[in-house]
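Let me begin by presenting the structure, written as structure tokens, before commenting on it.
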């Protein structure tokens with residue numbers, strides 16, 4: 001019984017893998033949100049110098065499978081770093097899989113969040129922003145008091161969906177050596193010759209995280225839909 005409760009001695013390993021997955025997902029989310037806001041602003045800009053690179057970014061990233069991009073970005077960064085250290089005469093530096101995972105996932109899903117935010121910004125009535133300008137509000141005040149609250153109302157459904165996809169995509173980072181939940185489950189399964197049990201357990205952990213995430217996003221949607229008829233329920 002004790003052996004079952006301790007997951008055949010692999011409980012701590014799976015807990016560490018779960019924590020690694022959560023850290024990877026949250027930090028990648030923060031980077032994705034930042035890139036998404038910057039990318040959406042660039043795509044809506046009147047300047048071609050901003051709009052064209054942002055369009056190329058979202059088009060290319062959304063057209064290539066995530067697994068290919070993770071491998072490409074990870075090994076490309078390592079090759080560029082090797083060339084730099086060699087040119088400068090420095091010692092060999094190996095990229096940390098966790099940092100590489102955050103950068104690659106953040107860069108990939110920043111493209112999806114860019115389109116999410118772009119659509120949400122376009123859904124906000126232009127007249128309200130013009131009225132805010134007429135009242136003398138600064139650009140920062142217009143964003144904080146007028147644009148952002150309504151932007152979130154339109155963006156939250158897409159943000160929640162992209163977060164769930166990003167969370168599941170953290171499993172792909174195990175192929176570059178990161179000891180996440182999937183990697184921990186694989187190691188435990190290989191050692192105990194009970195792969196099915198540990199992979200099902202990992203799936204249940206993901207299900208728990210996504211269930212809690214859905215409840216959080218539902219709460220946020222109700223909050224930002226306050227005062228909107230038929231939506232604030």
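Values in this text are rule-based calculations from the coordinates and carry no lab data. This is a predicted model, so every value here is computed, not measured. Ideal geometry is used to build each Cβ from the backbone, glycine not excepted, and the neighbour counts take in all protein chains shown.
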(request) From (1) in contact (Cβ under 8 Å) with a residue 60 or more places away in the chain; (2) surrounded by 15 or more Cβ atoms within 10 Å (Cβ to Cβ), pick out the condition that doesn't hold for residue 8. (result) (2)
(message) residue 15 - would you say it is surrounded by 11 or more Cβ atoms within 10 Å (Cβ to Cβ), closer than 29 Å to residue 196 by Cβ and free of Cβ contacts under 8 Å to residues at least 60 places away in the same chain?
(response) yes
(request) Kindly provide the set of residues from the range 159-180 that are assigned to a helix (DSSP H, G or I) and over 12 Å from the mean Cα position of the chain (by Cα), ordered by number. (result) 171, 172, 173, 174, 175, 176
(message) Could you go through the range 122-131 and let me know if any residue there is touching a residue at least 40 places away in the same chain (Cβ under 8 Å), surrounded by fewer than 22 Cβ atoms within 10 Å (Cβ to Cβ) and either out of contact with any strand residue (DSSP E or B) (no Cβ under 6 Å at 6 or more places or on another chain) or part of a helix (DSSP H, G or I) (or both).
(response) yes
(message) Of everything in the range 44-60, what is in contact (Cβ under 8 Å) with a residue 12 or more places away in the chain and over 17 Å from residue 108 (Cβ atoms)? Give them in sequence order.
(response) 44
